[in-house]
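The values are calculated or read from the model by the stated rules, or taken from the named source; none is laboratory data. Because the structure is a prediction, the values reported are computed rather than measured. Please note: Cβ atoms are built from the backbone with ideal geometry, for glycine as well, and neighbour counts cover all protein chains shown.
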Ligand code: PEP
Ligand code: MG
């Protein structure tokens, strides 16, 4: 939330006329670093278009929308003039409030200002004060209660009030520029026009009154009109609001994902969105109890070794149980981390070191803690932060064994009886998995990133979560009521009654929307002009094929078959694989099944496959590269797939293809296998997830039957940011224009060659991403199952033309933030 400071205020400035006054304001905006010096020309241009007189001696000059690039950061300054300057006939001005706004942060200041101006005595004091503090105070004071004339919709006494409800579609909300557009338009009608938002009522023809609403992006407004041309006025105003009130093309001006817009003044802590949804409730701080081992004498080294091996065995069993429980609750992919934890217990070097310490007379707990802690510290210090991130896993496992040695029960964190928003420094995956979603309304962590296992588990448990929010989240007392918005990545602290009411309304609205979307999940995603986009599911387990159908998916666009290979001691046999694929084909009952051949390597290791250690696993033997180097394994999988293809529509998809040669080699093997099992041909497509593949898309399109763009990997490789990197991963945004341009290249190449092209990376499930990808020409979007219904419903709101125009705007952006800030059509 933006606040005015003393440095933003100049008192007693001399100006001969309006132009000089605006120049003074522009100079101060530039001096404060809010805008480039040229912004003043834009402010004068804006003034030439329409007068920014607010009333009671105040004007609010600001720049033109198209000159937004001249704004460095959002800021508001106040210039108090030594003498009145005429802004227009009968419009004397003493306070010039200069605005350089990229987004809506300043709207709270304007709302406070307009509140202050409602009081004539206060506003004239402000015009003459010689203390900057008075101005600062007036611009930051708590909002006054709603004016007395506030009346809920429909209570007007005349009985001829017409009303429409609209939603502010730009992120900037009803700030000065759109409010001016609204007021000017309303002024063209004879009807009396009022606007209501969050219990306040404003005169729709008066800019200053409209600003008192403090309506941010996404806010709901009711427009009420009385008089002979009321219906026409409402139609015109609704159309103007729907088209953004002149803000439609302003980058940085929209929240496309449904997220709560609090009233001005609510303190927000910003983190990284990890799991969508809104939670409202008391804060509860989770502190993982850390077991510290004392070096006690053990009766004998043998006894110590026995105690340790029993604890390790018990830890292994516990992890097995957790794994099973998480598979059931959240799926195999999410549970895989606990198998990795089990593997850490099998570390032979660690065992040897602990044994040596025990032999020199240390007790089991101390020896274990000493050896594990040294490794954890070593991992944390490694320059490769992905490796350093594994420290959290090893620490988690080390503590588990210590608890068992100490005879301490490892239970779920002790929670109060009523549900809470849990805040924590960091949550170990096992802590997250043990959380009871009925008692955890939301999660907020100081550390972490959106691809951390904690975030993934929270998503699959449906718990709204924010990660990486910084230490401030721990500074608030337990029991304090907060609002957590997982989609926006915000924790709102100390929300007042007004904010809580609005958050509850939003939450109820979100639930209703989800339920509504779910009801229509079996209807296709047909755009308003009849264009249809295919919506399929990404799955990782056999049982999920049936779940995909139930979720409304029109088939499986990506089955990550490697998950059938990971958590076991040996690779599945051909028959076992056949059974798995056949079960999925049957469950899909005629809907297509795209089986991606194993994508092992990178961050996915199979315990039965010993591969040489690599310095850069994501740049190493991964995906198809591995299959081509393990032809027996590849052939076995292809045999099973071809056999299952007799039962229904199966397609083969090759992961991590980086060259035409690899595709040719894979096709050759596949064709030989097909002949062996006497199967009919099956479409063989490739994932486009490596920059070389996107650049060579025209050549690859000649030899692949279809493309599916894996934007998760494409993003990490194009932006050179490891997708599991603890600090870079949050910036590896698939909506980065560089990634979108690679998608555009790929789609164009596929389309020119007459090949179908889908997208199966995470951005396909993002409302903004889905629209852009559709506009770029993708024919199918494949996504995790919980997103299917919402994306289908979302796409039905747009036409292909709107999607194309939106995609063009996205391609022209310079940053991912600019893309995310584009107002949805
Ligand atoms: C991708 O890279 O976008 C993709 C869908 O594959 P995965 O996430 O399994 O690497
Ligand atoms: Mg991938």
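So residue 768 clears everything in (1) crowded, with 22+ Cβ neighbours inside 10 Å; (2) in a helix (DSSP H, G or I); (3) more than 14 Å from ligand 2 (Cβ to nearest atom) except one condition, right? Which one?
Unmet for residue 768, out of (1) crowded, with 22+ Cβ neighbours inside 10 Å; (2) in a helix (DSSP H, G or I); (3) more than 14 Å from ligand 2 (Cβ to nearest atom): (1).
Being away from ligand 1 (no atom under 15 Å from the Cβ), more than 24 Å from residue 459 (Cβ to Cβ) and assigned to a helix (DSSP H, G or I), is that true of even one residue in the stretch 703-722?
yes
May I ask you to list the residues in the stretch 654-685 that are within 16 Å of ligand 2 (Cβ to nearest atom) and without any contact (Cβ under 8 Å) to a residue 40 or more places away in the chain?
Residues satisfying the conditions are 658, 662.
Would you mention how many residues in the stretch 506-531 are touching a residue at least 60 places away in the same chain (Cβ under 8 Å), outside any helix (DSSP H, G or I) and within 22 Å of residue 783 (Cβ to Cβ)?
9
Report every pair of residues separated by at least 6 positions or lying on different chains whose Cβ atoms are under 9 Å apart, first residue within the stretch 753-767 and at positive phi, second more than 16 Å from ligand 2 (Cβ to nearest atom).
Pairs found: 754/701.
Residue 657 - would you say it is under 35 Å from the mean Cα position of the chain (by Cα), within 16 Å of ligand 1 (Cβ to nearest atom) and either crowded, with 21+ Cβ neighbours inside 10 Å or at pLDDT below 95 (or both)?
Against the criterion (under 35 Å from the mean Cα position of the chain (by Cα), within 16 Å of ligand 1 (Cβ to nearest atom) and either crowded, with 21+ Cβ neighbours inside 10 Å or at pLDDT below 95 (or both)), residue 657 qualifies.
All but one of (1) under 20 Å from residue 647 (Cα atoms); (2) surrounded by 18 or more Cβ atoms within 10 Å (Cβ to Cβ); (3) more than 16 Å from ligand 1 (Cβ to nearest atom) hold for residue 552, so report the exception by its number.
(1)
Report the residue count in the stretch 748-763 for those that are within 17 Å of residue 712 (Cβ to Cβ) and in contact with a helix residue (DSSP H, G or I) (Cβ under 6 Å, 6 or more places away or on another chain). Step through it out loud before you land on a result.
Narrowing the stretch 748-763 to residues within 17 Å of residue 712 (Cβ to Cβ): 757-763.
This time we only want the ones that are in contact with a helix residue (DSSP H, G or I) (Cβ under 6 Å, 6 or more places away or on another chain), so: 757, 759, 761-763.
Residues in the stretch 748-763 being within 17 Å of residue 712 (Cβ to Cβ) and in contact with a helix residue (DSSP H, G or I) (Cβ under 6 Å, 6 or more places away or on another chain): 5 in total.
Do we find that residue 583 is more than 16 Å from ligand 1 (Cβ to nearest atom) and farther than 25 Å from residue 537 by Cα in this structure?
Values: more than 16 Å from ligand 1 (Cβ to nearest atom): yes; farther than 25 Å from residue 537 by Cα: no.
When the stated conditions are applied, residue 583 does not pass them.
Evaluate the following for residue 774: is it surrounded by fewer than 24 Cβ atoms within 10 Å (Cβ to Cβ) and assigned to a helix (DSSP H, G or I)?
Working: surrounded by fewer than 24 Cβ atoms within 10 Å (Cβ to Cβ): no; assigned to a helix (DSSP H, G or I): yes.
No, not satisfied.
Which residue out of 499, 503 is more than 22 Å from the chain's Cα centre (by Cα) and not in a loop (DSSP other than H, G, I, E, B)?
On inspection, the qualifying residue turns out to be 499.
Do the conditions hold for residue 699, that is, is it part of a helix (DSSP H, G or I), within 16 Å of ligand 2 (Cβ to nearest atom), touching a helix residue (DSSP H, G or I) at 6+ places or on another chain (Cβ under 9 Å) and farther than 23 Å from residue 763 by Cβ?
no
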